[in-house]
Amino acid sequence: MSTIGFIGLGNMGGPMAINLVKAGHKVHGFDLSDAAMAAHEAEGGEKAASVADLAAAADVIVTMLPAGKHVRQIYEGEGGILDNAKPGTLMIDSSTIDVDSARAVSAAAEARGMKMVDAPVSGGVAGAAGGTLTFMVGGSAEAFEAAKTYLDIMGKTIVHAGDAGTGQAAKICNNMILGISMIAVSEAFVLAEKLGLDKQKLFDISSTASGQCWSLTSYCPVPGPLPSSPANRDYQPGFAAAMMLKDLKLAQEAANSAGAATPLGAEAAALYSLFCNTGGEAQDFSGIVKFLRGTS
Ligand code: NAD
């Protein structure tokens, strides 16, 4: 049994922390929200009075925070994790953040003799609750092996992507593919409607032809062909458009910083930004089809 500090007990972090409690670990939770702290305690977790207290007590620290600025502040800020954790502490940041921040925090942790991985997830709230998340992990082989013991409790698929920052790189590259391909599939359905081609026929043909992709066959953006997709539930998420926009913006930041040409990624970010600004942000990201049709 380990003593684990868990910071960020929100929609994702809350259930992830509880899975660690259920596996028999002592989990000291910390969140700015009283409601999140109360929910953690009600499920058998313990409350930490501050980040500093949590860090001093923990063998392992997991963070699940909104963005890079929160992660940098919690790790590197005054009274933060790095000033208070014991040497040798294992740190796992599962937030989705920019690659540069992930690399900077990891370097600062290693400089103080700690092990750290960036381990963003896919699988959403259902995956967090069910312990079936996919973790994309960046860090040394030694840090990965140490982290895997805990990631196995919270997830089903754990992949070592490479050195520090490559977990975040994998997450944003994958989601850039997803955002672009969802727009491509949606445009095809809108064009098919205008051309009098039945949506089921397009699905049947393209799902077994060269247009086949996950956005079509596992997450079809129009109702009917695939009963499990959010299109059949009036685009209730699923994966909210605001989250997709966040990841597409991170991909653009990384592309600018690394000097990579990603013109379709830039266009996808612009289209999701328009969709979110016109009322789509809380809808599933496949609702972009309504925006492209002019009916959102
Ligand atoms: P959330 O807003 O529900 O939770 C974030 C929590 O962090 C909140 O409870 C907030 O109070 C807490 N917090 C913020 N600043 C803090 C601080 N300084 N100290 C302590 N607590 C602080 O967000 P979420 O949906 O749980 O997402 C967390 C991360 O996971 C994000 O980076 C997100 O992009 C990523 N993610 C989310 C999903 C999803 O489906 N929700 C899927 C994959 C990845």
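If you plug the beta carbon distance of E267 and T132 into 1/(1 + (r/R0)^6) with R0 = 22 Å, you get a FRET efficiency near 0.10.
If R0 is taken as 35 Å, the Cβ-Cβ distance between L195 and S257 corresponds to a FRET efficiency of 0.25. Here the Karplus relation 6.51 cos²θ - 1.76 cosθ + 1.60, evaluated at θ = phi - 60°, turns the backbone of the range 184-189 into coupling constants of 4, 5, 5, 4, 5, 5 Hz, with x for every Gly and Pro. Between the Cα long axis of helix 99-111 and the first principal axis of the chain there is an angle of about 20°, rounded to the nearest 10.
Computed from Cα positions, the angle between helix 13-22 and the longest principal axis of the chain comes to roughly 60 degrees. Normalise the Cα radius of gyration of the chain by 2.2 N^0.38 Å (N = residues in it) and let me know the number. Dividing the Cα radius of gyration by 2.2 N^0.38 Å gives 1.07. With the helix formula -39500 (n - 2.57) applied to DSSP H stretches of n ≥ 4, the chain reaches a computed 222 nm mean residue ellipticity of -15500 deg cm²/dmol. For the range 169-293, the C-alpha radius of gyration sits at 1.04 times the compact-globule guess of 2.2 N^0.38 Å, with N the residue count.
Projecting label points 7 angstrom from Cα along Cα→Cβ for A67 and D100 puts them 1.4 nm apart.
For the set K194/K249; K69/K249; K26/K148; K22/K47; K194/K246; K69/K290, the pairs lying more than 22 angstrom apart at their alpha carbons are K194/K249; K194/K246; K69/K290.
The residues of the chain expose, per residue, 44 Å² of accessible area to a 1.4 Å probe. The modelled label-to-label distance between T3 and T208, using points 7 Å beyond Cα along the C-beta direction, is 6.1 nm.
The values are calculated or read from the model by the stated rules, or taken from the named source; none is laboratory data. In this text, all values refer to a predicted model and were calculated from it rather than measured experimentally. In this analysis, Cβ positions are derived from the backbone assuming ideal geometry, glycine residues included, and neighbour counts consider all displayed protein chains. Just so you know, the surface numbers come from the protein's heavy atoms only, side chains and all, with ligands and any DNA or RNA stripped out. Shrake-Rupley method; radii C 1.70, N 1.55, O 1.52, S 1.80 Å.
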